[in-house]
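Report on the following structure.
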Amino acid sequence: MDYLTASAKTLRPARSRHRFWLAVAVALIAGCATQQAQSPGQDPAKVQARILRVLPAQTDDRAGWARDITAAFAAQQIEPSGSNLCAAIAVAGQESNFQSDPAVPGLGRIARAEIDRRAAEHHIPQLLVRGALALHGPDGRSYADRIADARTERELSRAYEDFIGMVPLGKRLFGEANPVHTGGPMQVSVAFAEAYAHDHDYPYPVDGSIRHEVFSRRGGLYFGIAHLLGYASDYPTPLYRFADYNAGFYASRNAAFQAAVTRASGIPLDRDGDLVSYGDWGARSKTELAVRTLAERLDLSDGAIHRDLAKGETAAFADTPTYARVYALAERLQGRPLPRAMLPTIRLESPKITRKLTTAWFAQRVDSRYRSCMARIR
């Protein structure tokens, strides 16, 4: 579990590893197709002025935020339409309230609890853990103090970097992987940012690493906007793109497909957007097993079904025989067209969350901000 993010796309380790990399690979191969290429001749000053009109009045350094958002759209050649600008602003507002490195209440306590949990998993005595954390890092403070004093994910990430790199027990607990997986004003995945930067020209000098850039305002916005708007979709409303931002690429389309599978097969499925298993590579997901019961009626082999479902994190899945024939069967039974997008039903779980929240809640909150922004920008 990624214990430092409320994003559903990072709650299940197998899902975050396998489904994420498949989506990124296809996006990169496709040149990361954007919603709409930027129109030539867009005046950055006019774009910034438009953003300034809709940013909350209490936002610190509003001109800096407008400049960095404008630069992110220009560098990625994404059309700075009112809808696109408001989508990015809505996500940043929801994720950080326009703070480049937002504070997380109780972060030090959460981090120490995770260290203790991992130590117990590895059967490491607490005496050794306390001894390792008592060592002093490059800044002269003990790792225990740095972790306890961390107020933001950037501060905690830097402490982990030093702890993993300089203390043998740090590598034993965390391997080479920094357990802070998301950060910055849009809480974007560090793994996504690193993969995206590998195949795209990052427009700024890199401050040490792409991980460090994610925690900056300019980098967090650049990579967050890429994750939000840097893939093609035909959703009827941005609401579903907001759900995807939380749950993973095309999760809303896949959730609707799962509902169609349930209608065609009678087998109840969770609408979580996962079409194949991302844990045991030999296992078959509940969705795949349900579709297989329809194989004869779909005139598809089990192998063909699996190959189609494996495209579930890409735009190409909507063009597969499995997708088309499941919908044709389900709509024939239903007697009317079925939706091609639905909000995924995913519970958000994290020590940072004290209420019962879901991906639908996240998407609806962002959508409310989006609609308010659109009213102002018009």
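General remarks:
- Backbone amide hydrogens, once placed in the peptide plane, bring Val188 within less than 5 Å of Gly183, excluding anything fewer than 5 places away on its chain.
- Across the chain, the relative contact order, built from alpha-carbon pairs under 8 Å that are at least six residues apart, equals 23 percent.
- Two-site FRET efficiency, Ala134 against Ser209, from Cβ-Cβ distance with R₀ of 25 Å, rounded to 0.05: 0.40
- Modelled spin-label separation between Asp149 and Arg172, with each label point placed 7 Å from Cα along the Cα-to-Cβ direction: 2.7 nm.
- When you restrict to C-alpha pairs under 8 Å that are six or more residues apart and normalise by the size of the stretch 238-334, the relative contact order lands at 28 percent.
- Global form of the stretch 107-183, assessed from the alpha-carbon gyration tensor, a/c cut-off 1.5: rounded
- Magnitude of the charge dipole for the chain, about its Cα centre and with charges confined to Cβ atoms of Lys, Arg (+1) and Asp, Glu (-1), is about 1080 debye.
- Listed residues Tyr143, Leu127, Leu289: farthest to the positive end of the dipole of the chain (Cβ charges): Leu289
- Placing R0 at 25 angstrom, the Cβ-Cβ distance between Arg347 and Ile267 gives a FRET efficiency of 0.75 after rounding to 0.05.
- Dipole-positive endmost among Leu329, Leu156, Gly312 within the chain (Cβ charges, Cα centre): Leu329
- On the basis of the beta-carbon distance and an R0 of 30 Å, Ser81 and Asp199 show a calculated FRET efficiency of 0.75.
- The stretch 189-229-the stretch 112-131 distance, computed between alpha-carbon centres (Å): 32
- Here the label points at Ser368 and Ser142, each 7 Å from Cα along the C-beta direction, are separated by 4.4 nm in the simple model.
- Computed as a quarter of the hull surface, the mean projected area of the alpha carbon convex hull for the chain stands at 20.3 nm².
- Other-chain or far-sequence residues with amide H under 5 Å of Gln99's (modelled H): none
No lab work stands behind these numbers, since they all come straight from the coordinates. All of these numbers come straight from a predicted model, not from anything done at the bench. Here Cβ is always computed from backbone atoms with ideal geometry, including for glycine, and neighbour counts include all displayed protein chains.
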